[in-house]
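Asker: My questions will all concern the structure given below.
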Amino acid sequence: MGIEIIKAGPGDLEELIRWRMEVLRDVFAPLPEKDAEPLRKRNIGYYKETFISGGHIACFAFLDGVKVGCGGMPEHRFVAGVQWHPEFSYKKDENSARLIKAFADSL
């Protein structure tokens with residue numbers, strides 16, 4: 001099983017926003033749509049500004065050619081992160097199950 005990390009760019013904005021909103025909905029579930037739309041707009045503005053200035057680096061993770069995750073790092077002295085726990089969703093989510101299997105196979 002091959003894991004690949006590919007840097008995202010300005011052309012990946014919609015995909016980054018889709019992943020970001022999924023994370024926000026998981027963290028703040030349930031996230032009412034009236035609260036989600038202003039967050040979405042602020043995130044779009046942030047990504048547009050920081051991709052142009054180079055102030056944010058984002059990437060996608062692929063497992064055997066299938067996109068299974070997204071991550072990013074702002075250009076700051078500290079970083080806040082979000083951790084995905086596939087062990088909680090592997091029974092329902094095929095990508096989580098594949099990642100758990102790849103991990104187990106590597107042992």
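Asker: Run a plain Debye calculation on the chain (Cα atoms as equal point scatterers, no solvent) and give log10 I(q)/I(0) at q = 0.17, 0.21, 0.24 Å⁻¹, rounded to two decimals, same order as the q list.
Answerer: Values, matching the q order: -0.92, -1.23, -1.38.
Asker: With runs of 4+ DSSP H residues as the only contributors, calculate the mean residue ellipticity of the chain at 222 nm using -39,500 (n - 2.57) per run, divided by the residue total and rounded to the nearest 500.
Answerer: Working: 3 runs with 49 residues, N = 107.
For the chain, the value works out to -15000 deg cm²/dmol.
Asker: Could you work out the mean projected area of the convex hull around the alpha carbons of the range 2-58, in square nanometres to one decimal? Please report the intermediate quantities before stating the final value.
Answerer: Working: hull surface 18.4 nm².
Quarter of the Cα hull surface area: 4.6 nm².
Asker: Please find the FRET efficiency linking Phe103 to Asn43, where r is the Cβ-Cβ separation and R0 is fixed at 30 Å, and quote it to the nearest 0.05. All intermediate terms of the calculation are to be shown ahead of the outcome.
Answerer: Numbers: r = 30 Å, r/R0 = 1.00.
The value I calculate is 0.50.
Asker: State, as an integer percentage, the relative contact order of the chain based on alpha-carbon contacts under 8 Å between residues 6 or more apart. Write down the numbers at each step before the final one.
Answerer: Values: 102 pairs, mean separation 30.8, N = 107.
Relative contact order of the chain: 29 percent.
A short reminder: the numbers here are calculations on the coordinates, not readings from a lab. Note that the structure is predicted; figures quoted are calculated from it, not measured. A quick note on method: Cβ atoms are made from the backbone with ideal geometry, for glycine too, and the neighbour counts reach across all protein chains shown.
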